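One structure below.
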Amino acid sequence: MHLRGVVLPDDEVRDLWVRDGLVSLEPVPGAETLCATGWIVPGLVDAHCHVGIRYGGGHETRDGAIAQAVTERDAGALLLRDAGSPIDTHFIDEHDELPKIIRAGRHIARPKRYIRELGIELDDERDLPEIVAEQARFGEGWVKIVGDWIDRSVGDLRPLWSDAVLKEAIDAAHANGARVTAHVFGEEALPGLINAGIDCLEHGTGLTDETIEMMVEHGTALVPTLINIDTFPSIADGAGKFPVYAAHMRDLHRRVRRTVADAHDAGVPIYTGTDAGGSIRHGRIADEIVALTGAGFSPHDALGAASWDARTWLGRPGIEHGAPADFVVYRDDPRIEPATLSTPEYVVLRGRLHRSAGPITAHR
């Protein structure tokens, strides 16, 4: 396979070849030209999704999980960080036609402090380090804990863990070669998580100037899942028994784009994640990229947060000689016209073409 186009992030017109599923910068005799122009982007990354959670809630079947992965692939998301799944999706690794999944195992929570039946529930918080270490060995470099959730006894978001236990648990994950991320909506849980050495925060809607500064000091990453945060008003509408919680969720939603912009301006590493699975359908990575541009990102940086920058963060290569041939080709510059992001011309995964609307022959 041969391609010619503008290769991002360098913005250079280059020729690429694919041989045996790998990128070659050297000509491959007899290669068929796939495109003569276009924009070639390293495979997109959904850094927070849930392959294995059924849309609407509950455990997905094997066939359903495969269908979710296919949907992500066809949207150009060729690398997925699964931020917690109730089923073991290692069977997807047997399918070369499906995206690579970097798993975080199962959510770790407390009884009645997360979505029922999705996670591992610990009666005693002192068991957290042991379970984190177990999930670190089960996953692929990540562990996911639930940092806060509604406490119905007080009627608002509250942390699930003490600071001392968090520190011990995160140290246990690191000792087992894994990074730790945490679901966190509110403000109160953030200092304990960041000071304990958490590697990433999911959502992060409660960030303040102080905790943003802490994230910068600790090198903590953020995956804001903006299209999921857009569901907060409906969550609040259904929380009539907890008016303080409802008001809190509406306020977090109201200021989230300013919060993310402040974190971006301060230098917090930020990556795209849709939170697909449950209340968000799979295949919406383009929507999340566009949402980041509404939170202060340039179109180039927003795309990078879902492609080359995210791949580097997760330890995966971009478009380089000898790397797996995982890339997306667009007819037009995806940074200029948002609709282009939703309509990739070609998706190439491990050197195999999975989506084609016909050859691109127009001159740039």
Hits in region 275-314 - residues which are under 13 Å from Glu72 (Cα atoms), surrounded by fewer than 24 Cβ atoms within 10 Å (Cβ to Cβ) and among the β-branched types (Val, Ile, Thr): Ile280
Flagged in region 177-215 as open to solvent by 60 Å² or more (accessible area, probe 1.4 Å) and more than 22 Å from Pro111 (Cα to Cα), in numbering order, are Gly177, Arg179, Asn195, Asp209, Glu210, Glu213
Odd one out for Lys241, checked against (1) outside any helix (DSSP H, G or I); (2) in contact with a strand residue (DSSP E or B) (Cβ under 8 Å, 6 or more places away or on another chain): (2)
Checklist (1) open to solvent by less than 20 Å² (accessible area, probe 1.4 Å); (2) in contact with a strand residue (DSSP E or B) (Cβ under 8 Å, 6 or more places away or on another chain); (3) among the small types (Gly, Ala, Ser); (4) not in a strand (DSSP E or B) applied to Ala47, failing item: (4)
Residue list for region 138-166, restricted to those being surrounded by fewer than 17 Cβ atoms within 10 Å (Cβ to Cβ) and part of a helix (DSSP H, G or I): Phe138, Asp163, Ala164
Subset of region 77-100 [among the small types (Gly, Ala, Ser) and either surrounded by fewer than 24 Cβ atoms within 10 Å (Cβ to Cβ) or touching a Phe, Trp or Tyr at 6+ places or on another chain (Cβ under 9 Å) (or both)]: Ala83
On the basis of being in contact with an Asp or Glu (Cβ under 6 Å, 6 or more places away or on another chain), modelled with pLDDT of 95 or more and over 24 Å from His354 (Cβ atoms), does Pro99 make the cut? no
Conditions (1) more than 26 Å from Val290 (Cβ to Cβ); (2) open to solvent by less than 40 Å² (accessible area, probe 1.4 Å); (3) hydroxyl-bearing (Ser, Thr, Tyr); number of the one not met by Thr37: (1)
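Determine which member of the set Gly57, Gly30 is surrounded by fewer than 23 Cβ atoms within 10 Å (Cβ to Cβ), in a loop (DSSP other than H, G, I, E, B) and without any contact (Cβ under 8 Å) to a residue 12 or more places away in the chain.
When all the criteria are applied, what remains is Gly30.
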If only one of Ala236, Ala246 is open to solvent by less than 20 Å² (accessible area, probe 1.4 Å), part of a helix (DSSP H, G or I) and without any contact (Cβ under 8 Å) to a residue 12 or more places away in the chain, which one is it? Ala246
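Among the listed residues Ala36, Ala31, identify the single one that is under 28 Å from Leu98 (Cβ atoms) and small (Gly, Ala, Ser).
Values: Ala36 fails: under 28 Å from Leu98 (Cβ atoms).
Result of the check over Ala36, Ala31: Ala31.
For the structure I just gave you, tell me whether Leu252 is closer than 17 Å to Gly186 by Cβ and surrounded by 24 or more Cβ atoms within 10 Å (Cβ to Cβ). Steps first, answer last, please.
Working: closer than 17 Å to Gly186 by Cβ: yes; surrounded by 24 or more Cβ atoms within 10 Å (Cβ to Cβ): no.
No, not satisfied.
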Given the conditions (1) under 20 Å from the mean Cα position of the chain (by Cα); (2) at pLDDT 95 or above; (3) part of a loop (DSSP other than H, G, I, E, B); (4) surrounded by fewer than 22 Cβ atoms within 10 Å (Cβ to Cβ), which single one is not true for Asp123? (1)
Out of all the residues in region 80-91, is one or more over 26 Å from Leu160 (Cβ atoms), in a loop (DSSP other than H, G, I, E, B) and of a type in the set (Val, Ile, Thr)? no
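Only residues that are assigned to a loop (DSSP other than H, G, I, E, B), free of Cβ contacts under 8 Å to residues at least 60 places away in the same chain and out of contact with any Leu (no Cβ under 9 Å at 6 or more places or on another chain): list them for region 186-229, please.
The first filter runs over region 186-229 and keeps only residues assigned to a loop (DSSP other than H, G, I, E, B), leaving 186-189, 196-199, 204-208, 219-220, 224-225.
With free of Cβ contacts under 8 Å to residues at least 60 places away in the same chain added as a condition, the list becomes 187-189, 196-199, 204-208, 219-220.
Those that are assigned to a loop (DSSP other than H, G, I, E, B), free of Cβ contacts under 8 Å to residues at least 60 places away in the same chain and out of contact with any Leu (no Cβ under 9 Å at 6 or more places or on another chain): Asp199, Gly219.
When region 1-14 is examined, which residues are found to be assigned to a strand (DSSP E or B) and surrounded by 15 or more Cβ atoms within 10 Å (Cβ to Cβ)? Step through it out loud before you land on a result.
First, the residues of region 1-14 that are assigned to a strand (DSSP E or B): 2-7, 12-14.
Once the filter is applied, which keeps residues that are assigned to a strand (DSSP E or B) and surrounded by 15 or more Cβ atoms within 10 Å (Cβ to Cβ), region 1-14 yields His2, Leu3, Arg4, Gly5, Val6, Val7.
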The one condition Ile66 fails out of (1) in contact with a strand residue (DSSP E or B) (Cβ under 9 Å, 6 or more places away or on another chain); (2) under 16 Å from Arg281 (Cβ atoms); (3) of a type in the set (A, V, I, L, M) is (1)
How many residues are free of Cβ contacts under 8 Å to residues at least 24 places away in the same chain and either assigned to a strand (DSSP E or B) or basic (Lys, Arg) (or both) when one looks only at region 173-185? 0
For Arg110, work out the one condition from (1) buried (at least 24 other Cβ atoms within 10 Å of the Cβ); (2) of a type outside the set (A, V, I, L, M); (3) modelled with pLDDT of 95 or more it doesn't fulfil. (1)
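The values are calculated or read from the model by the stated rules, or taken from the named source; none is laboratory data. Please read all numbers here as calculations on a predicted model, not as lab measurements. No Cβ is skipped: glycine too gets one built from the backbone with ideal geometry, and neighbour counts run over all protein chains shown. These area figures cover heavy atoms from the full protein model, side chains too; ligands, DNA and RNA do not enter into them. Shrake-Rupley method; radii C 1.70, N 1.55, O 1.52, S 1.80 Å.
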